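The values are calculated or read from the model by the stated rules, or taken from the named source; none is laboratory data. Just so it is clear, the structure is predicted and the values come from calculations on it, not from any experiment. Please note: Cβ atoms are built from the backbone with ideal geometry, for glycine as well, and neighbour counts cover all protein chains shown. With ligands, DNA and RNA removed, areas are computed over all heavy atoms of the protein, side chains included. Shrake-Rupley method; radii C 1.70, N 1.55, O 1.52, S 1.80 Å.
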Amino acid sequence: MSKIRTPRNIIAEVQELIKTAKYEEITSMLKIKLSVNPYDKESLFASSLLYQALGAYEQAIETIKLSEYYKVNPAVYWNEMGVCLKHLNRIEEAINAFEKGLAKSKDLNLYLNLGLILMDRREFKKAAEILEPSLERFKDNPEYNLMLASAIYYGYNDTTKIKNLIPAALKVSQDKLFTALYLGLCCADADKDLEACNKYVNQMIYFFSNKSETWVSAGHFTFMAGNPEKAIEQFQKAISINPAIAGAHDNLIMCSQYTETVSNEDQLKVAQNYYTHCVKPFLEKYRINFDFSKFKYQNQNSMKLNIGFVSGDIKEHPIFFWISSLFKSLPKDKCNLFLYINNPKNLFAESLREYTSHLNYVEELSETELATKIFNDNIHILVDLSGHTALNRLATFALKPAPVQLTWLGQACPTGIPQIDYSISDHFLIKNEEELFYTEKIYKMPHSFAPYPAKDYLNLNINRNLAQLDGNIILGSLNNPIKINTNVLETWAQILIQAPQTKLFFKNLSTNSHNYNNKIISFFTSKGIQSSRIIIEPPSSKLEYLLSFNKIDIALDPFPAPGGTTSYETLMMSVPLITLAGKNPGHRSGESILKNAGLHELVTYNKQEYINKIVTLAQKPQKILEYKNSIREQYLNSPAADMQNFALDFLHALQYMWKEKITQMTQQSDG
């Protein structure tokens, strides 16, 4: 029941008495009022408020109608009607009631209640469209500002608009303050405003230290700021408060790949802990026993494999480019491809329709609904492309809707889910002795675990000369800023000091932020390196991003988490890349890429070797020119770029897995 703004009358008296649950007193008072005038609008409407307080919403609706209170105050009439209908889960009727009220009066409660329903239905853009035109009217109302900020954030994430709403939103009551602080943190994070981020995180911790979501938010910010060790502690704090908070487990698992302090054994324990606290309770509640016996009776020699792929990154994202090339290369007479997309519809995703038998958007499906759909689609092999990244559907995989399940591309560490049978890797990424630290069997591809579709990029303008002709050698990084931690910056500073003829070029998703750029420049100037030696370029379109490689002579791979897509694209643009191979599989993607490209000499194994290799190469411009005139061709003719043969190897791997499964099922039934 919502607050009604009316003169101090029977309605106001009933509202006050409801606060203290004096229902008998209300009943007696209304009985007297209605005995005098059975059609008194205010008394009837007050009766409806009593029915609401007692949970008798059907009676409340009938009494509201009988009161004809819309003749007195249409906003209040339609608002209470909508509230009752919502309680009865008659959502469309509730929306209609609120909209009728707004047609009569631009009332705050009508906006808030309609907005709440739309937010619950995930119709964020529609909520924003309804709320935004009346912002000036309610610019000082904290709840209105918070709801509009939330609708914009989840609808289309215009951080500039959200940032303008936050000051008023922060004045909400404490039960809603966390959401306002979270949105403020998201805006500050987008601006790379570390001071503002710290302010919001500290306020979260001050007011909500016992709330697990506080520590997830703090951990995420700390992780993005380049401090994975502290972030791990914060995610662990979240889990200690609520062991079943999946978001903290997901972040902890991903964060563990960005530090050298977490061993392979520790990564396995973290993944198993996720399964124990998040997946097992889910399975106890929703377990479905899918019967795979139907597959045993198919003609195994002539059948085409039904292969399903599940991802929340089928958009302008590296996963899309990998999958697009793979789908084009897989022999269609051997398999049918099914794609389950856990992100909004977009042109990139739609472009895959011609290569798939079925393309499905599954955001709105529950885990059990998605699992049932996959089973009914007769999927033989289901491929996870997310791991523990955002928008994963690992709980669906835990329901085991397909006889064979595997994970690929999402992460290099274990998922923790025993229902996932295999993890795709290669001989450089995961060592034989490390396989025991996985919940999945490791299937090693004969060459690269994931060649990049570089041959899909035609007519690129490649610079075969030095980036500058003034004697300076340009070192560069176009990597995800989350990988450029303090240790990496310290190492790169040492390189600049030892190689004074070098400059360092940065370009990433954060270099459109003055705060981030100032932080980078301040770091290097504090080491005695002139700011003129630091070149920072803002992010750009994909093509312009690729052309940026023409501005560097030597690419520096970050560590311990090296580049993935960026490393492939570095070679594609004919730039030498120096990587530092780490102790864990997640720290060896650079090694795998370079060795599959036949560039073993560009792999280093400790920090000093990494520094020496870069400094030495920077002093040999002729050697750099040799690389710039040969690396692209060497890469394109190597397994690291051979998607055609990889597709055949990938299909062979899946056929092997399927054969193993059928043999196992046959033996079990015979036994």
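Each label point was placed 7 Å from the Cα along the Cα-to-Cβ direction; for Lys527 and Tyr297 their separation is 6.8 nm. Evaluated over the Cα positions of region 153-232, the convex hull gives a direction-averaged projected area, one quarter of its surface, of 5.3 nm². Between region 100-119 and region 367-405, the alpha-carbon centres lie 39 Å apart. Heavy-atom accessible area with a 1.4 Å probe sorts Tyr545, Tyr286, largest first, into Tyr286, Tyr545. Apolar share of the accessible surface for the chain: 50 percent from carbon plus sulfur atoms, 1.4 Å probe.
Note: region 332-459, Cα convex hull, 138 Å³ per residue. The rule of thumb for compact globular proteins, 2.2 N^0.38 Å, goes into the C-alpha radius of gyration of region 513-561 1.33 times.
What you get for the chain, charging only the Cβ of Lys and Arg (+1) and of Asp and Glu (-1), is a dipole of about 540 debye around the Cα centre. Restricting the calculation to alpha carbons of region 573-671 gives Rg and Dmax of 20.1, 69 angstrom.
In terms of the mean number of neighbouring beta-carbon atoms within 10 Å, the peptides 35-41, 216-222, 276-282 order highest first as 216-222, 276-282, 35-41. I'd like the distance separating the alpha-carbon centroids of region 558-619 and region 30-44, in whole Å. For region 558-619 versus region 30-44, the Cα centre distance is 83 Å. Model label points for Leu135 and Asp333, set 7 angstrom from Cα along the Cα-to-Cβ axis, are 6.0 nm apart.
Do the sum for the chain: with -39,500 (n - 2.57) for every DSSP H run of n ≥ 4, divided by all residues, what is the mean residue ellipticity at 222 nm, to the nearest 500 deg cm²/dmol?
-15500 deg cm²/dmol
Ranking Lys659, Lys176, Lys192 from most to least accessible surface, computed with a 1.4 Å probe over the protein chains only, gives Lys659, Lys176, Lys192.
Selection among Ile117, Trp492, Gln267 by position relative to the dipole of the chain gives Trp492 as farthest towards the positive end (Cβ unit charges, Cα centre). Note: region 211-352, Cα convex hull, 180 Å³ per residue. Each residue was assigned an accessible area with a 1.4 Å probe, and for Tyr355 the value is about 60 Å².
Averaged over residues, the count of other Cβ atoms within 10 Å places the peptides 408-417, 620-629, 65-74 in the sequence 408-417, 65-74, 620-629, highest first. The fraction of all Cα pairs in the chain landing in successive 10 Å bins from 0 to the largest distance is 3, 13, 20, 22, 18, 12, 7, 4, 2, 0, 0, given as whole percents.
Annotation: per residue accessible area for region 252-329 equals 47 Å², rounded to a whole number [probe 1.4 Å, protein chains only].
A Förster radius of 35 Å, combined with the Cβ-Cβ distance separating Glu350 from Glu633, puts the computed FRET efficiency at roughly 0.55. Given in Å, the Rg to one decimal and the Dmax to the nearest whole number for the Cα atoms of region 441-563 are 16.2, 53. Taking all protein chains together and rolling a 1.4 Å probe, Arg287 ends up with roughly 150 Å² accessible.
Can you put Leu365, Leu458 in order of accessible area, largest first, using a 1.4 Å probe? Before the final figure, lay out the partial values.
Details: Leu365 55, Leu458 130 Å².
Result, largest first: Leu458, Leu365.
Accessible surface for region 488-620, divided over its residues, is 34 Å² per residue with a 1.4 Å probe.
Each 5 Å bin from zero up to the one holding the largest Cα-Cα distance in region 1-112 carries the following percent of pairs: 2, 13, 24, 26, 21, 9, 5, 0. Computed with a 1.4 Å probe over protein heavy atoms only, the accessible surface of region 171-217 comes to 49 Å² per residue. Working from label points 7 Å from Cα in the Cα-to-Cβ sense, the Glu544 to Leu625 distance is 3.1 nm. Beyond a 19 Å Cα-Cα separation, which of these cross-linked pairs lie in this structure: Lys527/Lys620; Lys280/Lys659; Lys199/Lys519; Lys285/Lys400; Lys400/Lys444; Lys106/Lys139? Result: Lys527/Lys620; Lys280/Lys659; Lys400/Lys444 exceed 19 Å. Taking the inverse of the mean reciprocal distance over all distinct Cα pairs, the Kirkwood hydrodynamic radius of region 60-158 comes to 13.7 Å.
The convex hull around the C-alpha trace of region 552-624, projected and averaged over every direction, spans 4.4 square nanometres. Per the Kirkwood formula applied to alpha carbons, region 271-360 shows a radius of gyration over Rh ratio, Rg over Rh, of 1.07.
Cα centroid separation, region 11-26 to region 452-502: 72 Å. Pairwise Cα distances in region 241-297 exceed 15 Å in 59 percent of cases.
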